[in-house]
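Below is one structure, written out as structure tokens; comments come after it.
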Amino acid sequence: MRKVACIGAGMTLFRRRLLETGKEMCWEAARMALDSAGLTIDDVDAVVFGSAPDAFDGIHMKGENLLDGCGGVGKPYVRVFTGGGTAVFSPIAGYWHVASGAFDCVLVVNEEKMSSCQPHPQSVFGHIWDPILDRPLKPNLVWIFAMEMNRYMTVHKVRYEDVAAVAVKNKRNAVAHPCAQLADPNITVDDVKNSEMMAWPVRRLDISPPSDGASALVIASEDFVRKRKVESPVWFSGVGWCIDTTMWTDRDLYFPEYLARAAKMAYKQARIDDPRKQIDFAEPYDPFDYKELHHMEGLGLCKKGEAPVLTREGVTQRDGDLPTCPSGGLLGVGNPIAATMGIKVGELYWQLSGQAGKRQIPHEIHTGVTNAWGDLMQFSSVVVMRA
Amino acid sequence: MRVGIVGVGVVPFRPATPEYSWKEIMYEAASRAYADADINPREEVDSFITCAEDYWEGFGIFDEFTPDQLGAVLRPACTVTGDGIQGLAQGVLQIRAGLADVVAVEAHSKISDLLTYEGVVRHAMDPIWNKPLGGSPYYLAGLEMDAYLRAAKLSERDCAAIVTKNRQNARTNERAAHGVKLDVEDVLASPPISTPLKELDVAPLADTAVVLVLAAEARAKKLASDPVWIRGVGWNSDSPWLETREWAEAKYLENAAKMAYSEAKVRSPTSEFQLAEVDDKFSYKEPQHLEALGLSKKGSTAKAIRAGTFELGGDLPVNASGGSLGCGNVIEASGLHRVAEVALQLRGHAGRNQIDGARTGLAASWRGLPTATGAVAVLGVGR
């Protein structure tokens with residue numbers, strides 16, 4: 001099997017509303033990634049695009065509309081889509097483009113422009129439900145995540161303060177991220193606890209914000225890395241993805257089994273049998289604070305129910321034993337759904353290549369894992385990378 | 001490493017399918033393909049790919065609704081928002097990358113559920129420059145048809161002959177929904193949509209689902225006595241801007257063919273294939289695509305059409321299945337369906353439309369208005 005590396009990354013600011021069009025955002029991220037790799041678009045053999053529902057941008061086949069911004073004109077160009085899981089899934093598609101031997105250098109661009117959706121992007125989520133069983137109940141995402149959070153807290157007897165500590169950690173970490181939308185150096189657990197109740201037990205500050213943004217990665221083969229004398233490539237060691245049934249009401253929501261299976265697939269390829277020992281840091285998907293804990297457990301980074309304890313003990317702080325979301329995560333940097341690739345796989349690249357600046361984990365790191373989560377609380381994608 | 005097609009499942013096309021949901025149609029296609037390949041999807045399929053677009057389906061995040069009916073629960077599965085051949089290509093890459101040994105690729109159309117087809121197509125046009133102009137998006141096809149016919153020196157009558165050919169072929173294809181005996185005058189007399197495009201130049205919509213099971217070489221040989229090998233795949237996009245793309249020629253398909261031919265070591269396309277299934281969502285698209293694929297020399301396409309080269313029984317039968325004009329336009333499933341038709345021909349399972357001695361065939365797709373995206377698959381049996 002060919003070795004595959006990430007050799008460049010870029011991302012735009014994450015903001016509630018960016019004035020740039022979707023195409024311009026894609027271009028900016030793609031340009032930054034190519035510049036950081038010292039390449040031009042002519043060096044790119046194929047382009048992979050990722051984005052969540054078309055309804056945000058309000059354009060049918062938005063992948064086709066945005067393809068020139070992504071540098072896809074005249075090239076093999078394809079869009080993959082796994083809901084929120086796209087953030088870590090399109091890099092996996094980029095990986096198989098190169099690992100298959102079909103291409104040497106692939107550009108992956110993810111974009112999300114949620115602000116075009118008026119009055120609030122949440123309205124798009126009215127159309128993600130089973131039209132017969134769910135939709136008549138008029139659910140929204142905050143409600144069902146509240147159910148999942150409650151189930152998780154009930155099963156493991158988790159205190160709310162230990163969940164809110166994740167939001168505090170990530171929003172503080174985000175202070176060091178130049179693209180961050182919701183960084184706050186002074187936030188406390190009480191601030192989170194006293195923020196507006198959205199759907200019990202979820203408060204406003206437990207949730208990441210809607211955002212506009214784009215991100216990009218350059219993915220290349222070992223040959224390409226050698227020929228172009230690329231400095232500090234970061235290697236893909238394992239990829240995995242998995243989907244559970246559409247019928248979310250049939251599942252016990254306390255544990256993400258689909259993530260455990262996706263992680264198993266990735267760990268097998270990466271030859272990891274003891275993730276807690278063999279993985280140095282993690283970027284689990286954190287659209288809600290409890291999701292970071294949920295995902296740490298799904299990724300096998302701790303025992304079921306142990307993630308809140310590690311958080312309380314400071315193990316997941318940037319200078320802790322298992323730094324988790326050193327980027328600031330979705331809670332701190334922002335949540336332009338698919339574009340969070342820049343703070344997930346992008347952060348793995350920047351950390352492992354020593355380019356994370358003020359966010360750099362202070363001790364030595366070799367292996368990182370990240371995941372994204374999507375569809376109806378049913379899909380996860382996992383990437384393991386090594387320096 | 002070669003990748004083979006070891007299972008084919010196609011639900012016969014129908015103009016509307018009111019008694020089944022899209023989930024049930026997908027289930028039927030999947031069941032047929034898994035039975036054909038003689039595999040248990042829950043244990044033996046390593047990865048599942050669905051080709052779908054949210055707005056066609058009437059959902060946000062359609063990917064949510066794919067696993068159960070395909071047997072993909074708690075398995076690796078994803079959506080490619082593209083044409084079926086783009087999805088097929090991703091399956092091939094997954095196998096070659098060593099991520100999977102067996103991949104199921106699905107594409108479907110439940111377009112009869114959609115009340116506002118033209119409105120959704122218009123919704124794909126640039127929201128600032130093009131969509132506000134309003135009108136039926138078919139004017140894009142009318143403009144392109146005009147540009148192409150002038151450049152290629154083809155007549156409306158030549159396009160009408162393609163319509164009669166494809167709808168005639170569909171009459172003897174049990175999977176087709178729109179087979180009918182027409183003569184050229186019927187087509188020419190059909191009401192204008194956007195001159196020179198007429199009503200019968202437009203492929204009518206249909207419902208279907210298609211599932212293909214792909215396998216890595218060693219596995220394919222175990223699963224099938226004579227797998228259909230995917231010798232080359234290619235996909236490509238021209239500019240999304242209507243104002244700057246090529247109108248008289250299908251640049252996207254020319255580039256996609258270049259990629260697929262180079263992999264399949266096809267040097268002289270005119271003599272390599274015994275049949276071709278080429279996108280014909282509009283009548284003029286068939287000759288335009290044949291030229292882009294190098295299957296008809298620019299300048300001599302009119303002569304070839306008039307000589308019957310592309311008819312069943314001609315030198316190079318094109319759309320022996322009936323194509324989109326005869327079977328129906330099944331949106332993102334169009335390309336995957338054409339791969340299935342070529343695979344059935346190469347296996348000798350094409351029934352009354354069987355082309356004798358077919359060993360190598362080609363399938364080519366276009367994503368439809370307003371895109372300039374297409375894909376190509378070169379298929380063959382034997383060594």
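The values are calculated or read from the model by the stated rules, or taken from the named source; none is laboratory data. Values in this document were obtained by computation on a predicted structure and should not be read as measured data. For neighbour counting, all protein chains shown are included, and Cβ atoms are generated from backbone atoms with ideal geometry for every residue, glycine included.
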| From the options A:Ala99, A:Ala52, A:Ala29, residue that is in contact (Cβ under 8 Å) with a residue 60 or more places away in the chain, more than 9 Å from every other protein chain (Cβ to nearest Cβ) and buried (at least 22 other Cβ atoms within 10 Å of the Cβ) | A:Ala29
| said: Being closer than 17 Å to B:Val233 by Cα and touching a helix residue (DSSP H, G or I) at 6+ places or on another chain (Cβ under 7 Å) is true for just one of B:Gly84, B:Gly91. Which residue is that? | reply: B:Gly84
| query | Quick check: anything in region A:358-378 assigned to a helix (DSSP H, G or I), within 21 Å of A:Met25 (Cα to Cα) and either in contact (Cβ under 8 Å) with a residue 12 or more places away in the chain or β-branched (Val, Ile, Thr) (or both)? | reply | no
| message | Consider region A:144-190. How many of its residues are under 15 Å from A:Thr311 (Cβ atoms) and at pLDDT below 95? | response | 0
| query | Among the listed residues B:Ile355, B:Ile305, which satisfies the condition of being closer than 24 Å to B:Asp158 by Cα, part of a loop (DSSP other than H, G, I, E, B) and touching a residue at least 40 places away in the same chain (Cβ under 8 Å)? | reply | B:Ile355
| task | Run down B:Lys165, B:Lys181 and say which single residue is part of a loop (DSSP other than H, G, I, E, B) and of a type in the set (D, E, K, R). | result | B:Lys181
| field | Test result for A:Phe56, within 20 Å of the chain's Cα centre (by Cα), in a helix (DSSP H, G or I) and aromatic (Phe, Trp, Tyr) | value | yes
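Yes/no matrix, rows are residues, columns are (1) more than 30 Å from B:Asn255 (Cα to Cα); (2) not small (Gly, Ala, Ser):
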| site | (1), (2) |
| --- | --- |
| B:Glu44 | yes, yes |
| B:Ala72 | yes, no |
| B:Ile85 | no, yes |
| B:Ala97 | no, no |
| Test: residue in region B:37-48 that is over 23 Å from the mean Cα position of the chain (by Cα), crowded, with 24+ Cβ neighbours inside 10 Å and under 28 Å from A:Ser100 (Cα atoms) | yes
| query | Can you name every residue in region A:283-325 that is of a type in the set (A, V, I, L, M, F, W, C), surrounded by fewer than 24 Cβ atoms within 10 Å (Cβ to Cβ) and outside any helix (DSSP H, G or I)? | reply | A:Leu301, A:Cys302, A:Val315, A:Leu322
| Can you name the number of the only condition in (1) within 30 Å of A:Met147 (Cα to Cα); (2) in contact with an Asp or Glu (Cβ under 6 Å, 6 or more places away or on another chain) that A:Ser221 fails? | (1)
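Of the residues A:Ala87, A:Ala93, A:Ala102, only one is part of a loop (DSSP other than H, G, I, E, B) and within 23 Å of A:Trp241 (Cα to Cα); which?
The unique qualifying residue is A:Ala102.
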| note | Counting only residues in region A:224-261 that are more than 10 Å from chain B (Cβ to nearest Cβ) and assigned to a strand (DSSP E or B), the one farthest from A:Met1 (Cα to Cα) is identified as A:Val234
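This table checks each residue for (1) more than 22 Å from A:Ala220 (Cα to Cα); (2) modelled with pLDDT under 95.
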site	(1), (2)
A:Lys23	yes, no
A:Glu28	no, no
A:Ala37	no, no
A:Asp42	no, no
A:Ser51	no, no
A:Asp57	yes, yes
A:Glu64	yes, no
A:Pro91	no, no
A:Val98	no, no
| query | Only one residue in A:Leu39, A:Leu34 is closer than 17 Å to A:Tyr349 by Cβ, in a loop (DSSP other than H, G, I, E, B), more than 10 Å from chain B (Cβ to nearest Cβ) and of a type outside the set (Phe, Trp, Tyr). Which one? | reply | A:Leu39
| task | Give region A:73-92 a look and list any residue that's closer than 25 Å to A:Asn371 by Cα and within 7 Å of another protein chain (Cβ to nearest Cβ), or say none. | result | A:Tyr77, A:Val78, A:Arg79, A:Val80, A:Phe81, A:Thr82, A:Gly83, A:Phe89
| note | Condition set of a type in the set (Ser, Thr, Tyr) and more than 7 Å from every other protein chain (Cβ to nearest Cβ), scope region B:57-109, selection surrounded by the fewest Cβ atoms within 10 Å (Cβ to Cβ): answer is B:Thr66
| Yes or no: A:Cys70 in a loop (DSSP other than H, G, I, E, B), more than 9 Å from chain B (Cβ to nearest Cβ) and within 30 Å of A:Ser123 (Cα to Cα)? | yes
| query | Since A:Ser123 meets every condition but one in (1) modelled with pLDDT of 95 or more; (2) under 18 Å from A:His60 (Cα atoms); (3) small (Gly, Ala, Ser), which condition does it not meet? | reply | (1)
| query | Of these, B:Val103, B:Val80, which one is free of Cβ contacts under 8 Å to residues at least 40 places away in the same chain and not small (Gly, Ala, Ser)? | reply | B:Val80
| message | Kindly evaluate B:Gly326 against the criterion of being within 30 Å of B:Glu106 (Cβ to Cβ) and in contact with a Gly (Cβ under 7 Å, 6 or more places away or on another chain). | response | yes
| query | Just one of the numbered conditions (1) touching a residue at least 40 places away in the same chain (Cβ under 8 Å); (2) more than 9 Å from chain B (Cβ to nearest Cβ) is not true of A:Leu19; which one? | reply | (1)
| Residues located in region B:34-56, provided they are in contact with a Gly (Cβ under 8 Å, 6 or more places away or on another chain) and within 7 Å of another protein chain (Cβ to nearest Cβ) | B:Asp54
| said: So in region A:1-26, with the set limited to residues that are under 24 Å from B:Asp126 (Cβ atoms) and not hydrophobic (A, V, I, L, M, F, W, C), which one is surrounded by the fewest Cβ atoms within 10 Å (Cβ to Cβ)? | reply: A:Arg17
| message | Looking only at residues that are among the polar types (S, T, N, Q) and more than 9 Å from the chain's Cα centre (by Cα) in region B:330-374, which one is surrounded by the fewest Cβ atoms within 10 Å (Cβ to Cβ)? | response | B:Gln354
| task | Mind counting the residues in region B:233-265 that are surrounded by fewer than 22 Cβ atoms within 10 Å (Cβ to Cβ) and in contact with a Ser or Thr (Cβ under 8 Å, 6 or more places away or on another chain)? | result | 1
| request: Specify which of the listed residues (B:Glu263, B:Glu291) is more than 15 Å from the chain's Cα centre (by Cα), of a type in the set (D, E, K, R) and more than 14 Å from every other protein chain (Cβ to nearest Cβ). | output: B:Glu291
| How many of the residues in region B:218-254 are within 14 Å of chain A (Cβ to nearest Cβ) and part of a loop (DSSP other than H, G, I, E, B)? | 11
| query | Can you spot a residue in region B:144-158 that is more than 28 Å from B:Leu344 (Cβ to Cβ), away from chain A (no Cβ under 14 Å) and among the aromatic types (Phe, Trp, Tyr)? | reply | yes
